[in-house]
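Novice: Dumping the structure here so I can ask a few things about it.
The values are calculated or read from the model by the stated rules, or taken from the named source; none is laboratory data. Just so it is clear, the structure is predicted and the values come from calculations on it, not from any experiment. Positions of Cβ are backbone-derived with ideal geometry, glycine not excepted, and every protein chain shown enters the neighbour counts. In case anyone asks, the SASA skips ligands and DNA or RNA and just uses the protein heavy atoms, side chains included. Shrake-Rupley method; radii C 1.70, N 1.55, O 1.52, S 1.80 Å.
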Amino acid sequence: MWKIIKTRFQQGYRTSAYPDGPSALPERFRGRPVVSSQPCAQGCSACADSCPTQAIAFAEDRRVRLDLGKCIFCTECITACPEGAISYSTDHRMAARSREDLILSGEEARLAHALDEKTRKLFGRSLKLREVCAGSCNGCEAELTALNNVVFDLSRFGIQFVASPRHADALVVTGPVTDHMRGALRAAYDAMPTPKLVIAVGACAVSGGPFAGSPQAHDGADSTVPVDLYIPGCPPHPLTILDGILRLLGRLEGGRERV
Amino acid sequence: MIAHAAALLVVPIILVGVVNRTKSCWAGRKGVPLLQAFYDIVRLARKRPVYSSVATVFVKAAPSVVLGTAVVSGLLVPLLGRRTPLSFPFDFVFFAYTWGLGRIFLMLGALDTGSSFEGMGASREATYSALVEPAFFLAAGTLAAASGKSSFAQLLRFRPDDPATAVVWCGCLVALFVLLQVESARIPVDDPSTHLELTMIHEVMVLDHSGPDLAVIQYASAIKMTVCAGLLAALLNPLDAAAGPALFAAANLGLILGAGIVIGTVESLIARLKLRSIPEYIFLAISAAFVALLASTLRRGGLG
Amino acid sequence: MSPTSRFRALRSPGAVELSAIPVVAVEEFRSGVLRAAKAGLRLCALFSRSVEGGTGLCAVLADDARGLLYILFSEPTKVLRSLTPELASAHLFEREIGESSGIEIEGHPWLKSVRKSPADKVVFFRESGAEVHEVAVGPIHAGIIEPGHFRFQCHGETVHHLEIQLGYQHRGVEALFCGGPDRRSVFVAESVSGDTAVGHTLAYCANLESLGGARASLRGEALRAASLELERLANHVGDLGAMSGDVGFLPAAAYFGRLRGEFLNLLMALSGNRYGRGLVRPGGAAFDLTSAMAEDFSARLARARTDMNAISGLLFESASVLGRFDETGVVSRQTARDLGFVGLAARASGLDLDVRRDHPHGLYRFRHIPVVKIDSGDVYARAMLRHLESLRSLDFLEELIADLPRGDACAACSAPRPGLLAVSLVEGWRGEICHVAETGDDGRFRSYRIVDPSFHNWPAVAMAMRGGEISDFPLCNKSFNLSYAGHDL
């Protein structure tokens, strides 16, 4: 027992100050991409051609449109672009309420806004999550598990993962929704008491990710359940997930936020 | 009387908070807010429950019976002071059977859902509570015999004044502490935060309850833990009648919350037992209570 | 005649002309594989391949003592007389062949689907008797974990038999490689099993290098080895924390959870992603360590080692924890050998298997990590093995970071040449990863086969639970921590 006490003093208090303190992410962290608002040269589609998930398209005015929901945060487009029109910031904030809000095109990003007042009052101080893996490679699961550790400490916000869908308020879905998991996912959603939410975590759950178009998967959680919050990433950093959920609950800044 | 009822309603929330904060402190994390149990119950009460298609009346009746029996048992135990709202000779027997009524409805509710896990949980619950009941009766009975009183409010005022009575007192404390761990599903008997349904005892029986039903059951478990802690506090309280009711009550509440810190610390220091070893652990409680009984009998017989 | 004379020998990683691999009649194929296995070779992969005229078979066997792989093809066939009754480690491979190709497997003791049918559509072994009951868990489990179905035949709390049915994570990975390598391929490799991103990508890139006749740069190999060991450390520490949490030992669970984050943050500092995605690329590594970063890494690794020793000390000296770990979930050495377990599960049962020593790739050809093995085969062995392997990996990393080879992090890698078969083995943190690639006449993949260590090892969970307590199942399962996604592809 003395050893445990001694080790406790050595290990110390580790919960990060975020969101009241800085996020302390390293230089090479691939956070939200920054897309140039200048039109690109006619005939050049190097970025779109190199993107593994076809997340990049061009608007009529030749401005780049990057779909964050399909983005798997690799570096292909950065390397391919001769003009440096796309680059990564270390900003971890990316979650959005709708698929359209995930499309970056040089304007400011539209981050997730909070739920309506009634739901915010209900879940503001106590939100229970039920996780369903529907074909995820396990990367997103690992980051969700990390949210429970002493550094990110999800429980300090009154948010916890629970064992049964009946105890849960929000369904956290990962994976592109494989054929075999479709029924189970729907059953879990139906087993939850109302009011309920659905959070899609990771590129696969948002759009299918690297498995988009595979005949054994259904290109994301949208195919099976109505989604309230999309958190892009491959896998999303725990702070990205935390930021998204706190924004949804209105515990960061209220209302629509533009950054 | 009103103060007692108020304590019975408020202290469970704070006690759960104290246990969780103690655990967070040991882990080095900021942890759950102190009043989180309250926020959880308020949220659950505002949700619309979902019932399984094979559920019948038991699933719906269980939460109310469980809460009712928990509250009634709380009225029998001196949480605040020297008098309890309900008190009559041998009320500790009534106490044990009130709990038994609550437990049987919880188990019926679990079996009613048709889930094999909940069935397993019900069978484990039946086994361990059957094993710990003798410990409770031996402890309460010994205190009754040793103090010459038969009602909770009075027999818990028993204090040692010579080595033999010290043995009685300690044995009963040990037995009651293990009772708390078994009935409130704490480590080493059960892990309240476990996510592994195959290892759960209490938690698995409520996996199918949702919304207000779940709120009621969570609240009832908190009340049960408070009641058990109240038993320990009443046995430990060093003050006597001369100290005045307010101070006495404060000391009692302090001891209850102190019990919460001890529970949280024990949970942070040892691992949970293999399910097969739990009967051995419970036997520890039975032995302690039996030793207390022996000491009390020998003392009355003039020896020791 | 030596048992492998009809096979084509190859070192991993390496490529060989398809035309140089002998093609024999299916009966000779069968007897050849059985004879080689009896002589002590280990089955790495057994799968079907579509050729002109139908579907044939391919077997890859390993001679760990000599560090060689042996490959054999069979002619197209409609029927295969099962190898499983004489070579139990072929069982799951044959079930997979039975469901995915048109070949009928005759005489297989338990021919069920592996990936194609969910649990409610298949038959399970049922025990009958008084007071025997069946418990079904999954696909959705109570924690944050991948889906799978477990069917227990129990008597009270004792498990007599456990049957595992997976396939819920089947995303069609192997099919996505065909026609490649295209712009998506390396990213699919990174996503085969998310916590083994570095391991699988390493195997994939090694294959591309063999097919292109290129070599990765030495510094690139060093960076790859460093990231593979960091991945191993992060997962081992994470598992120790999870096992502590499963038995309710909160201090170790909390401290290990944070320590795992330290290793992931090192990978993030190097590659921008906590799992090392984007790091391993054909020709070497896409990100390099500056000397300032290397110094920082050394300091952080030293601190991690002190923490590791302190926290493991707490865990392994706690009597209540040892009471849970000791003699729980025992897998005997004979079972491990017969069923062909690999990696951590095998070493914890006393088998001396490690690809880094037996079929060294990359930097492991020049720097060796001592192999740890323990004989008891229980949860304690698997936990202690993780601790000891972590210490070995820390030693390796500290030496490596202090003395990285000079040069470019990445060399050029040419396009795959046509008509080749490439095999690469990598010791991922769970065990042996095997990738087998075949290119067609156009130099594009005509087939890509992946064998994750979990494909070999899932039956270990079933064997470990026999005769055990059902309440020990989560701890047992976590002590293996196998990949559902890697099994299902």
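Novice: Name the residues of segment A:132-156 whose accessible area, probed at 1.4 Å, falls by at least 50 Å² once all protein chains are in place instead of their chain on its own?
Specialist: When all protein chains are present, A:CYS137, A:ASN138, A:VAL150, A:ARG156 each give up 50 Å² or more of accessible surface.
Novice: At q = 0.13 Å⁻¹, what log₁₀ I(q)/I(0) does chain A have when each alpha carbon counts as one equal point scatterer in the Debye sum?
Specialist: Each listed q corresponds, in turn, to -0.84.
Novice: Relative to the present Cα-Cα distance, how much length would full extension add between C:SER2 and C:LYS116 at 0.36 nm per residue of separation? Working shown, then result.
Specialist: Working: separation 114, 0.36 × 114 = 41.04 nm, distance 3.85 nm.
Gain on extension, C:SER2 to C:LYS116, equals 37.2 nm.
Novice: Measuring from label point to label point, each 7 Å out along Cα→Cβ, what is the B:ALA166 to C:PHE124 span in nm?
Specialist: Going by the 7 Å Cα→Cβ label model, 5.7 nm.
Novice: Right, something else. Could you pull the Cα extents of segment B:187-304 along its three principal axes, largest to smallest, in whole Å?
Specialist: Largest to smallest, the principal-axis extents are 53, 39, 26 Å.
Novice: Relative to the compact globular guide of 2.2 N^0.38 Å, what is the alpha carbon radius of gyration of segment B:189-253, as a ratio? Please report the intermediate quantities before stating the final value.
Specialist: Numbers: Rg = 17.2 Å, N = 65, 2.2 N^0.38 = 10.7 Å.
Output field value: 1.60.
Novice: I would also like to ask the following. For segment C:345-350, just list the computed ³J(HN,Hα) in residue order, Karplus coefficients 6.51, -1.76 and 1.60, θ = phi - 60°, integers in Hz, with x standing in for Gly and Pro.
Specialist: So the J values, rounded to whole Hz, are 4, 6, 5, 6, 9, x.
Novice: Using the Cα centre as the reference, give the magnitude of the dipole from point charges on the C-beta atoms of chain B (Lys, Arg: +1; Asp, Glu: -1; all else neutral), rounded to the nearest 20 debye.
Specialist: Values: 23 positive and 18 negative charges, 109 e Å.
For chain B, the charge dipole is close to 520 debye.
Novice: Got the relative contact order for chain B handy, in percent, Cα pairs under 8 Å and 6 or more residues apart?
Specialist: 30
Novice: What order do you get for A:169-175, A:98-104 when each peptide is scored by the mean count of other beta carbon atoms within 10 Å, highest first? Can you show the working numbers first?
Specialist: Values: A:169-175: 27.9, A:98-104: 18.3.
Per-residue mean Cβ counts within 10 Å order the peptides as A:169-175, A:98-104.
Novice: If the elastic network links every pair of Cα atoms under 10 Å, which of B:ALA243, B:ALA145, B:ALA96 fluctuates the most in the Gaussian network model of chain B?
Specialist: The residue that fluctuates most here is B:ALA243.
Novice: Tell me the total accessible area that A and B bury against each other, 1.4 angstrom probe, in square angstrom rounded to 100. Each step should come with its number before you reach the end.
Specialist: Numbers: alone 12980 and 13900 Å², together 24170 Å².
Accessible area lost upon association: around 2700 Å².
Novice: I've got another one for you. Per DSSP H run of at least 4 residues, take -39500 (n - 2.57); add these up for chain C, divide by its residues and hand me the 222 nm value, nearest 500 deg cm²/dmol. Don't skip to the answer; put the middle values down first.
Specialist: Details: 16 runs with 202 residues, N = 489.
The helix-only estimate for chain C comes to -13000 deg cm²/dmol at 222 nm.
Novice: Taking 25 °C and 0.890 mPa s as the conditions, I'd like the Stokes-Einstein D for segment C:24-95 in µm²/s, using the Kirkwood hydrodynamic radius from alpha carbon pairs.
Specialist: Translational diffusion coefficient: 199 µm²/s.
Novice: Also, I was wondering about something else. Over the whole of B:108-117, what's the average partner chain Cβ count within 10 Å per residue? Rounded to a whole number, please. Before the final figure, lay out the partial values.
Specialist: On the way: counts 0, 0, 0, 0, 0, 1, 0, 2, 7, 6.
Average per residue, whole number: 2.
Novice: Using protein heavy atoms only (no ligands, DNA or RNA), what is the total accessible area buried between C and A, 1.4 Å probe, nearest 100 Å²? Mind showing how you got there, number by number?
Specialist: Values: alone 18670 and 12980 Å², together 27050 Å².
So the buried area, both faces added, is about 4600 Å².
Novice: So which of A:LYS70/C:LYS478; A:LYS6/B:LYS224; A:LYS128/C:LYS478; A:LYS128/B:LYS60; A:LYS3/B:LYS30; A:LYS128/C:LYS121 end up more than 28 Å apart by C-alpha?
Specialist: On the way: A:LYS70/C:LYS478 32 Å; A:LYS6/B:LYS224 34 Å; A:LYS128/C:LYS478 24 Å; A:LYS128/B:LYS60 22 Å; A:LYS3/B:LYS30 22 Å; A:LYS128/C:LYS121 32 Å.
Check vs 28 Å cut-off fails for A:LYS70/C:LYS478; A:LYS6/B:LYS224; A:LYS128/C:LYS121.
Novice: Here is a follow-up. What do the square roots of 5 times the Cα gyration tensor eigenvalues come to for chain C, in whole Å, largest first, as semi-axes of the equivalent ellipsoid? Working shown, then result.
Specialist: Numbers: eigenvalues 215, 201, 70 Å².
Whole-Å semi-axes of the equivalent ellipsoid: 33, 32, 19.
Novice: Could you give the nm distance between label points at C:THR158 and A:ARG156, where each point is 7 Å from its Cα heading toward the beta carbon?
Specialist: 4.9
Novice: Can you give me the accessible area per residue for the protein assembly as shown, using a 1.4 Å probe, in Å²? Could you put the intermediate results ahead of the total?
Specialist: Numbers: 36330 Å² over 1052 residues.
Accessible surface, normalised per residue, equals 35 Å².
Novice: Provide a whole-number value for the mean count of partner chain Cβ atoms within 10 Å of the Cβ atoms in peptide A:64-70. Intermediate values should be presented prior to the final figure.
Specialist: Details: counts 0, 0, 0, 0, 0, 0, 0.
Mean shielding by partner chains, rounded to a whole number: 0.
Novice: Now, a different point. Calculate the translational D of segment A:33-92 in whole µm² s⁻¹ from Stokes-Einstein, where the hydrodynamic radius comes from the Kirkwood formula applied to all Cα pairs, the temperature is 37 °C and the viscosity 0.692 mPa s. Walk me through the numbers on the way to the answer.
Specialist: Values: Rh = 11.5 Å.
Translational D for this selection: 285 µm²/s.
Novice: May I have the convex hull volume per residue, in Å³, for the Cα set of the protein assembly as shown?
Specialist: Numbers: hull volume 179.4 nm³, N = 1052.
Enclosed volume per residue, from the Cα hull, is 171 Å³.
Novice: Nearest 0.05, what FRET efficiency do C:ALA299 and B:VAL266 give at R0 = 45 Å with Cβ-Cβ as r? Show your work: numbers first, answer last.
Specialist: Numbers: r = 37 Å, r/R0 = 0.83.
The pair C:ALA299/B:VAL266 has a calculated efficiency of 0.75.
Novice: If Lys and Arg each add +1 and Asp and Glu each add -1, what is the summed charge of the other residues whose beta carbon sits under 10 Å from the beta carbon of C:GLY486?
Specialist: Once positives and negatives cancel, what remains is -3.
Novice: Which residue fluctuates the most in chain A, going by a Gaussian network model with Cα springs under 10 Å, if the choices are A:GLY69, A:GLY21, A:GLY84?
Specialist: Most flexible of the set in this elastic network: A:GLY21.
Novice: Given only helices, namely DSSP H runs of n ≥ 4 each adding -39500 (n - 2.57), what is the per-residue ellipticity at 222 nm of chain A, to the nearest 500 deg cm²/dmol? Mind dumping the intermediate values first?
Specialist: Details: 8 runs with 63 residues, N = 259.
So the helix-based figure for chain A works out to -6500 deg cm²/dmol.
Novice: Non-local amide H neighbours of C:LEU420 (under 5 Å, H modeled in plane, Pro and chain starts lacking H): which ones?
Specialist: For C:LEU420, whose amide H was placed from the backbone, the distant partners under 5 Å are C:LEU18, C:THR439.
Novice: Follow-up. Given points 7 Å out from each Cα along the Cα-Cβ axis, report the A:ALA57 to C:SER50 separation in nanometres with one decimal.
Specialist: That separation, rounded to one decimal, is 3.2 nm.
Novice: Follow-up question, since we're still on this one. What FRET efficiency comes out for the pair A:GLN10/B:PHE283, r = Cβ-Cβ distance, R0 = 41 Å, nearest 0.05? Show your work: numbers first, answer last.
Specialist: Working: r = 37 Å, r/R0 = 0.91.
The pair A:GLN10/B:PHE283 has a calculated efficiency of 0.65.
Novice: Could you list, bin by bin from short to long, the percent of Cα-Cα pairs of segment A:160-219 in 10 Å steps?
Specialist: Reading the bins upward from 0: 24, 48, 25, 3.
Novice: To the nearest 0.05, how large is the calculated FRET efficiency for C:ALA319 and C:GLU106 if R₀ is 41 Å and r is the Cβ-Cβ distance?
Specialist: Values: r = 53 Å, r/R0 = 1.29.
So, using R0 = 41 Å, E works out to roughly 0.20.
Novice: When Lys and Arg each count +1 and Asp and Glu each count -1, what net charge do the other residues less than 12 Å away from C:GLU469, Cβ to Cβ, add up to? Working shown, then result.
Specialist: Numbers: positive: B:ARG124, B:LYS274, B:ARG276, C:ARG324, C:ARG466; negative: C:GLU157, C:GLU327, C:ASP472.
Net local charge, C:GLU469 excluded: +2.
Novice: Per q in 0.09, 0.11 Å⁻¹, report the Debye log10 I(q)/I(0) for chain B, using one uniform scatterer on each alpha carbon and no solvent.
Specialist: After summing over all Cα pairs, the log10 values are -0.44, -0.66.
Novice: Further, regarding this structure: Using only protein heavy atoms and a 1.4 angstrom probe, determine the accessible area buried between C and B, summed over both sides, in Å² to the nearest 100.
Specialist: Values: alone 18670 and 13900 Å², together 30480 Å².
About 2100 Å² of accessible surface is lost on pairing.
Novice: Here is a follow-up. Under 5 Å between amide hydrogens, which residues at least 5 positions from C:LEU68 or on another chain qualify, with H placed 1.01 Å from N in the peptide plane?
Specialist: C:ASP63
Novice: Another question, if that's okay. Per Stokes-Einstein, at 37 °C and 0.692 mPa s, what whole-number D in µm² s⁻¹ belongs to segment B:237-304, with the Kirkwood radius over Cα pairs as the hydrodynamic radius? If you can, show how the numbers build up before the last one.
Specialist: Numbers: Rh = 15.6 Å.
Estimated via Stokes-Einstein, D reaches 211 µm²/s.
Novice: Taking every residue in C:301-310, how many Cβ atoms of other protein chains lie within 10 Å of its Cβ, on average? Show your work: numbers first, answer last.
Specialist: Numbers: counts 0, 0, 0, 0, 0, 1, 3, 0, 0, 5.
The shielding value for this peptide is 1.
Novice: Follow-up. Over all directions, what mean area does the Cα convex hull of segment A:117-258 project, stated in square nanometres? Could you put the intermediate results ahead of the total?
Specialist: Details: hull surface 32.8 nm².
Seen from a random direction, the Cα hull of segment A:117-258 projects 8.2 nm² on average.
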